[in-house]
Ligand SMILES: N[C@@H](CCC(=O)N[C@@H](CS)C(=O)NCC(=O)O)C(=O)O
């Protein structure tokens, strides 16, 4: 049984997508980030960066005591290794999936987050910040578009259709952040609508 500390945001959806696709048993523990639940001491004990998602695996693969994991990328890797799903075993396939997953974790996610923050939520409009993050997000969409012109998924050459058994964790990782990515096989046409 997995305990999932979750709130319905793109980062949270990444983990529910994996858990659902893998058919794992899990219990959701809501972390209402608008009410400050992420700062509760019991949550910080498993997620010291006061961000959700986080998990506790009560039945880890090694049969030992429960393991807690924070950071969505680390959780996806952990679950992929636990289940043997969504992460290629060969070195080339695995490297492609992990490099694009880290690209998402370190690039697309944070830059799009800052983009939305300065464009929509910041108490004052700061043109420099807005321009910087809009440009950086567009640059990253361009990187993604060029990649997806070559392979059907960021993680590599898996079947075109979004069959759950074939989708690497990069797709699970990026899809919730980019609505429509999988639906349209992330064609140039689809990606162009994200830029608008
Ligand atoms: N790098 C983290 C980011 C997680 C994150 O930003 N979570 C947000 C919701 S999507 C959060 O918990 N925010 C709470 C806060 O800002 O205090 C991950 O990938 O798990």
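Some points to look at:
- Check on residue 77, assigned to a helix (DSSP H, G or I), out of contact with any helix residue (DSSP H, G or I) (no Cβ under 7 Å at 6 or more places or on another chain) and surrounded by 15 or more Cβ atoms within 10 Å (Cβ to Cβ): yes
- The stretch 20-40 - residue that is within 15 Å of the ligand (Cβ to nearest atom) and either closer than 15 Å to residue 82 by Cα or in a helix (DSSP H, G or I) (or both) and, of those, nearest to the chain's Cα centre (by Cα): 38
- Residue pairs whose Cβ atoms lie under 7 Å apart, sitting 6 or more positions apart in sequence or on different chains, and linking a residue in the stretch 103-126 that is more than 16 Å from residue 13 (Cβ to Cβ) to a partner that is outside any helix (DSSP H, G or I), are 118/126.
- Summed over the stretch 59-96, residues that are away from the ligand (no atom under 16 Å from the Cβ) and touching a strand residue (DSSP E or B) at 6+ places or on another chain (Cβ under 8 Å) total 7.
- Annotation: residue 49 fulfils all but one of (1) at pLDDT 95 or above; (2) part of a loop (DSSP other than H, G, I, E, B); (3) under 15 Å from the mean Cα position of the chain (by Cα); the unmet one is (3).
The values are calculated or read from the model by the stated rules, or taken from the named source; none is laboratory data. Keep in mind that this is a model prediction, so the values were computed, not measured. All Cβ positions, even for glycine, are placed from backbone atoms using ideal geometry, and neighbour counts span all protein chains on display.
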